[in-house]
Amino acid sequence: MGIRHLTVLALATLVALTAATDVAGGNGGVPPAEDTGKKPAETTAPADAVAKQYDVKALVARLRDTSAIGFFTKLALKNQVDDLMDRFRRFHAREDGTPLEQLRDEFNLLFMKVITLLQDGDPALGREIAKGREILWGRLADPGEFARL
């Protein structure tokens, strides 16, 4: 049961970091490249390959073991994750009228909180967690994927 909650914490963490790294305008103020008519070479793995390589259990273990977040803070975060998971359960069961966009905002805020806690003490873990933001959000938002969590 504890691993399940930390998995959700890892999911939430990923969302916040990615939200924090998004730059207004989408390209950080860099002017668009000249259009040469050639298709650029693909430098990133397809989304499915990234999802398969993303090891949530390993990240959960690292979150549990990191000294960047204190015991009581981890406990408070666990409670917040439990509350968010409960809201998603009610959303998918159609027991709650909360729009998905509002759940996304709450997810992003919790994610940002975790990333902020990691930024000084364990930045490598924060970056790893951030890589899976959309993967985690997809699992929470999809009823079938959510049922498997």
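Every read-out reported here was derived from the displayed coordinates using simple, explicitly stated rules and does not represent laboratory data. The shown structure was predicted, so the numbers you read here are calculated from the model rather than taken from an experiment.
Overall shape: oblate for region 47-149, with the ratio a/c of the largest to smallest alpha carbon gyration tensor axis at 1.5 or above and b/c at least equal to a/b.
For region 67-149, the relative contact order is 33 percent, taking Cα pairs closer than 8 Å that sit 6 or more residues apart in sequence and dividing their mean separation by the residue count.
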